[in-house]
Structures are given as structure tokens and as C-alpha cells.
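Have a look at the structure below before the remarks.
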Amino acid sequence: MAGGTRGPVPVPVQSQDRNLTQDVLDLLDTKSPLQSSEDFPSIPQKDIKGALDRLASRSMVEYVAKDTEEAVLSEEAQTILANGSHEFRVWSAVKDAGKILIKDLGNVVGTEAANVGQGNAFKNKWIKKDGDSFIPIKDDVKDTTRDQLREVSETKSLSDAKALKELKKRKLVVLTKVITYTVTKGPKYAKEIPVEVTDLTADMLAGDKWETTNFKPYNFNALGASQDAGALHPLMKVRQEFRTIFFNQGFVEMPTGHFVDSGFWNFDALFVPQQHPARDMQDTFFISDPPKADKPRADPETEAQLDAMEDSSKRLFASSQNTEVKPRDYEKYWKDVQAVHQDGAFSSIGYRYPWSADECLRLVLRTHTTAVSTWVLHRLAENPRPARYFSIDRVFRNETVDATHLAEFHQVEGVIADFGLTLGGLMKFLEDFFAKMGLHDLRFKPAYNPYTEPSMEIFGFHKGLKRWLEIGNSGMFRPEMLEPMGLPKDLRVYGFGLSLERPTMMKYGVDNIRELLGHKSDLKWIREQPAVRLEKE
């Protein structure tokens with residue numbers, strides 16, 4: 001039927017070589033209402049539902065569904081119904097024989113009946129032990145289990161709820177959900193399904209055919225076709241929440257385009273000793289080609305990116321900023337970093353080991369975005385002032401993947417430079433920061449970092465895993481890191497590195513980080529997550 005028509009049923013519902021839609025209409029002509037469980041007892045529920053929905057969509061029938069629970073006998077219960085319960089068969093065999101050796105019981109009544117039945121027969125006090133044999137205690141017993149199963153077979157239920165529970169425990173009965181439909185004639189009932197037109201054509205409008213045409217009603221309740229539209233990953237949603245919080249607090253975003261960086265920016269400039277465990281192959285991915293990086297030098301492209309980011313952001317304390325700019329001396333910075341490691345400098349005794357330039361210039365997949373913060377703080381030394389910077393991007397660790405660890409993940413990095421900063425101020429900032437994310441239960445634990453002193457790990461409670469997770473690290477950058485850059489002694493800097501994945505897991509109730517990021521991610525789950533989450537106070 002071309003031209004937008006809907007016939008009697010495009011694909012008639014067939015079940016056991018029957019046209020159910022026509023059968024329902026024929027039966028309603030003589031009987032109304034009809035009950036699906038009585039009138040179509042052998043038809044599967046999904047088939048009868050499909051037929052009724054096709055007719056109801058045309059207003060030819062109306063139906064009401066009723067859910068009930070029925071008890072169904074298991075295969076073992078069917079055997080008991082036919083032959084008697086295990087305990088009854090044991091008692092009957094013992095009574096008929098007068099005495100049966102315990103070892104011979106399985107040969108008489110069967111292994112299963114002997115194993116299950118003797119215990120229940122003892123419990124019912126039908127038999128007892130006499131040496132190595134069983135003897136009967138009662139001359140007459142009632143097989144209650146069999147009677148109960150007979151009632152279940154006849155009525156699909158059992159009046160004694162406690163007994164029904166016991167039968168379920170013994171796996172003799174299974175409760176199943178049964179849906180019964182009460183069907184009546186609809187306002188457009190007919191014994192045959194009429195043709196319905198789905199499209200209004202130009203020919204109909206040209207004449208008067210549209211006035212008498214039987215149009216198909218528009219179904220506003222029908223679900224539309226599934227659209228394979230794009231969706232933001234929950235990580236990106238939480239990332240945007242982090243960015244919004246940072247921007248609202250006066251932070252400037254740092255450029256983080258360098259996934260590969262030198263050991264100088266990733267480790268040495270951060271006062272991480274060259275023999276630190278984080279620098280070996282267990283924690284760091286090293287790059288073999290090219291074999292090494294250049295010494296620290298100007299990076300015009302990244303400079304331009306940060307200039308643009310700062311120009312589009314409102315700087316803090318703009319009226320008190322020092323406008324004098326001191327050019328950076330990369331060679332002096334290189335030598336000062338070497339000195340503070342090898343010999344000690346800037347009132348520090350350093351690490352006192354032979355510092356290697358080759359080790360410093362090895363290329364690595366950055367293990368943290370603090371490598372970016374180091375470059376930005378060295379840039380800040382041109383014009384020391386209160387400033388706030390943040391970044392959110394990927395970092396890489398040669399770690400074993402498990403429920404809370406990945407080899408590639410996101411780090412939320414922030415630095416706050418100002419005069420007169422204290423550790424208590426950092427704790428208060430982090431509490432307020434995470435409160436804006438809806439995470440209120442925080443704990444701080446003293447920690448060690450080569451580049452911060454004092455240092456603190458940040459923990460949040462995951463309700464799904466029922467344990468505390470480390471969600472970040474923080475501290476105040478050491479003078480051995482800041483003074484070689486040329487920053488004044490009285491300018492202090494907070495540094496904090498936060499996980500993006502773990503707060504996302506906590507907010508979205510994800511128990512395994514591999515389900516959030518990686519090849520095991522459920523794309524359906526990602527699409528179904530709300531675009532906006534409203535936090536409950």
C-alpha cells in the first residue's frame with residue numbers, strides 16, 4: 001500500500017500458526033471482556049501483548065494488565081508429586097522391610113532420596129537408628145510435602161506462606177511473574193482491521209478525499225527512533241566543572257600541549273633528585289628517539305598561548321602589579337638548578353651527588369602537569385606578583401592497571417603565588433574547592449614530595465567502594481625550587497595536583513576506573529549520563 005497507508009496489519013502476529021490479532025477480534029465479537037490467561041492459555045505473553053498493542057493503537061480494543069505471582073513446580077517437585085517425597089519414600093521402605101542397613105538404603109530408594117530423605121525422616125521422627133540400621137518409629141505418616149506440592153500444582157499457590165518459603169528454599173518451587181490482560185472492545189472496534197492512511201497528499205487536498213479518509217491517529221506516546229548522537233564523557237563534564245570553578249576564582253589556564261617533555265622541566269627543576277625512584281622505568285615512560293632534549297630555552301609558541309590566556313583573564317591585584325619586567329636567563333637557571341642539586345645553594349645543602357646533564361635532558365612522557373607549572377613559575381619570575389594558574393590534561397605513569405589506577409590519566413594542576421601564604425590557607429582553599437564539586441568529606445595526611453614542604457595528600461570517601469581514596473596531593477613549593485627561578489624569597493606558592501578520574505568516579509558512582517576510561521567503557525552508559533547534574537545540599 002504505497003503512498004503512506006497502513007493496512008490490516010503490516011506483519012500479522014503469528015503464534016503457533018495463528019493470526020492472534022484476528023483471533024482477538026473474532027473472540028471479542030462473542031465474548032467481552034476476555035481474559036488472556038483463560039482464552040489464550042498457550043500463547044506466550046510477549047505475543048499476546050504484541051497483538052493487543054497493534055489493536056489498541058487503532059482504538060479497536062482496550063486492555064488492562066494485571067501482574068500476579070504464580071508458584072511453579074521444579075522437575076524434582078514433579079518427581080515427588082508422582083512418587084512421594086524423599087522422606088516418605090525412606091520411611092515407606094524402612095517400614096516395609098522392618099529394618100534396613102544404612103549402607104543399603106541408597107540401593108533401595110535411590111541415592112538422592114536416601115541422602116535427602118533420611119535427614120527429613122529423622123527430623124519428622126519417622127525413623128531412628130538401631131546400630132548400623134534404620135528402623136521405623138511410626139506406623140502411619142502423612143506426606144505433607146507431597147500434599148503441599150499437589151496444592152501448588154492445582155492452584156499455582158500455597159495457603160501456608162511459611163511452607164511455601166520452605167519449598168522455595170528446597171528448590172522445589174519457583175515463583176514466576178504472570179501478566180494477565182483483561183480485554184474489551186474499543187471505540188473503533190470492528191471484526192476486520194481497516195486501512196489507515198498515514199500521509200496527507202496533494203491529491204487529497206486538491207479534492208475532497210481528505211474529508212472521508214481514515215487517517216492513522218498520531219501516537220504522541222511512541223518512543224522516537226534512537227539517535228546515535230554524540231555525548232560528552234562524564235570526565236569532560238567534571239573537567240568543565242573544575243574549569244568553571246577555577247575561572248570563577250581568578251585562575252588563568254596554562255597551555256599543556258607538550259605530552260613529551262625533558263627531565264629538566266619534569267624532574268630537575270622541581271628539585272627531584274636524579275636517583276629518585278619516580279625517574280626509573282617502573283614509573284616513567286622514557287622516549288628513545290630523539291635521544292635527548294635541548295637545554296631550557298625560549299618557547300615562543302607556548303609563550304604566545306599563555307599571553308593570550310592571560311590577556312583574556314582578569315588578573316588578581318591588577319592595581320598593585322609591578323610593571324618592571326626582568327628578562328629570563330635560561331643559562332643561569334640551568335646552572336642554578338645544577339648547583340642546588342649537586343653542591344647546595346640558596347641556603348640549602350642540596351642532595352650532594354654528581355649531577356648529570358645527560359640524565360637531565362632525557363625525554364619523558366610527562367608524569368605530571370607540574371612540569372608545566374614549573375615553566376609558568378619561571379616565566380612569573382620576569383614580573384613577580386600574586387598570580388593563580390591551573391591546567392587539566394593527561395599525564396602518563398608506568399603503573400599496573402587496577403580498579404583505581406591507570407597508566408594514562410588526567411591531572412588537575414593548580415598553583416597560587418602570593419605573599420604571606422600559610423599551610424592552613426591551602427587546606428581551607430582545598431575544602432572550599434571540593435565543596436563546590438559536591439565533595440565534603442576530605443581528609444589530609446602528611447606526605448613527602450621532593451618539591452613541596454610541608455606536603456599533604458588529600459583523601460575523599462568513595463561510598464561505592466566504601467573506602468577512602470587518594471584524590472590529590474598538595475603542599476607549598478620549596479625554596480630550592482622557587483629561588484633558582486629568580487622569584488623573591490617572600491613570594492610563596494601553593495601547589496596542588498588533583499585527580500580528575502577519581503572525583504568523577506565518586507560523583508557518578510563508578511567502582512572501577514577501567515569502566516570510566518579505556519576499552520571497557522560502556523558507550524551506552526556514557527550517552528545516558530545527564531548533561532547537567534543538580535547537587536543536593
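Before moving on, here are some points about what is shown:
- Looking across Asp289, Asp268, one residue alone is assigned by TED's automatic domain parsing to the domain that holds Lys524 and in contact (Cβ under 8 Å) with a residue 60 or more places away in the chain. It is Asp268.
- Residue, farthest from the chain's Cα centre (by Cα), within region 340-363, restricted to residues that are assigned to a helix (DSSP H, G or I) and more than 14 Å from Gly486 (Cα to Cα): Gln342
- Among the residues listed as Val197, Val152, the single one being surrounded by 14 or more Cβ atoms within 10 Å (Cβ to Cβ) and within 43 Å of the chain's Cα centre (by Cα): Val152
- Candidates Leu498, Leu469 - the one that is part of a strand (DSSP E or B), farther than 18 Å from Thr369 by Cα and either open to solvent by 30 Å² or more (accessible area, probe 1.4 Å) or at pLDDT below 90 (or both): Leu469
- Within this structure, Thr404 passes the test of being at pLDDT below 85, open to solvent by less than 20 Å² (accessible area, probe 1.4 Å) and not charged (D, E, K, R).
- Among the residues making up region 155-192, those that are open to solvent by less than 90 Å² (accessible area, probe 1.4 Å), without any contact (Cβ under 8 Å) to a residue 60 or more places away in the chain and assigned to a loop (DSSP other than H, G, I, E, B) are Asp160, Arg170.
- Complete set of residues in region 420-447 that are in contact (Cβ under 8 Å) with a residue 60 or more places away in the chain and under 18 Å from Val238 (Cα atoms): Leu430, Phe433, Phe434, Lys436, Met437, Gly438, Leu439
- Inter-residue pairs, beta-carbon under 6 Å, first free of Cβ contacts under 8 Å to residues at least 12 places away in the same chain and in region 122-150, second open to solvent by 20 Å² or more (accessible area, probe 1.4 Å) and in a loop (DSSP other than H, G, I, E, B), 6+ apart: Lys128/Ile137
- Restricting Val197, Val238 to residues that are of a type in the set (Val, Ile, Thr) and under 30 Å from Thr452 (Cβ atoms) narrows the list to Val238.
- Any hit, region 429-443, residues being in contact with a helix residue (DSSP H, G or I) (Cβ under 9 Å, 6 or more places away or on another chain), in a strand (DSSP E or B) and at pLDDT below 90: yes
- Filtered residues of region 302-340 (kept if among the acidic types (Asp, Glu) and at pLDDT below 90): Glu303, Asp307, Glu310, Asp311, Glu324, Asp329
- Those residues of region 200-212 which are of a type in the set (A, V, I, L, M) and exposed (fewer than 14 other Cβ atoms within 10 Å of the Cβ), in sequence order: Leu200, Ala202, Leu205, Ala206
- Residue match in region 469-486 (condition: without any contact (Cβ under 8 Å) to a residue 24 or more places away in the chain and over 29 Å from Pro384 (Cβ atoms)): no
- In region 256-303, of all residues being farther than 16 Å from Trp355 by Cβ and hydroxyl-bearing (Ser, Thr, Tyr), the one that is surrounded by the fewest Cβ atoms within 10 Å (Cβ to Cβ) corresponds to Ser288.
- Whichever residue in region 364-388 is in a strand (DSSP E or B) and in contact with a Ser or Thr (Cβ under 9 Å, 6 or more places away or on another chain) and, among such residues, is most open to solvent (accessible area, probe 1.4 Å): Leu365
- Filter result for Ala231 (of a type in the set (A, V, I, L, M, F, W, C), surrounded by 14 or more Cβ atoms within 10 Å (Cβ to Cβ) and either within 30 Å of Glu359 (Cβ to Cβ) or out of contact with any His (no Cβ under 6 Å at 6 or more places or on another chain) (or both)): yes
- Entry remark, region 34-81: residues being in a helix (DSSP H, G or I), in contact (Cβ under 8 Å) with a residue 12 or more places away in the chain and under 21 Å from Leu20 (Cβ atoms) number 13 in total.
- Any chance Lys66 is over 52 Å from the mean Cα position of the chain (by Cα) and open to solvent by 30 Å² or more (accessible area, probe 1.4 Å): no
- With respect to being in a helix (DSSP H, G or I), surrounded by 21 or more Cβ atoms within 10 Å (Cβ to Cβ) and in contact with a Gly (Cβ under 9 Å, 6 or more places away or on another chain), Val94 falls outside the description.
The values are calculated or read from the model by the stated rules, or taken from the named source; none is laboratory data. Here the structure is a predicted model, which is why all the values come from computation and not from measurement. Cβ atoms come from the backbone with ideal geometry, glycine included; neighbour counts cover every protein chain shown. For accessibility, only protein heavy atoms count, side chains too; no ligands or nucleic acids. Shrake-Rupley method; radii C 1.70, N 1.55, O 1.52, S 1.80 Å.
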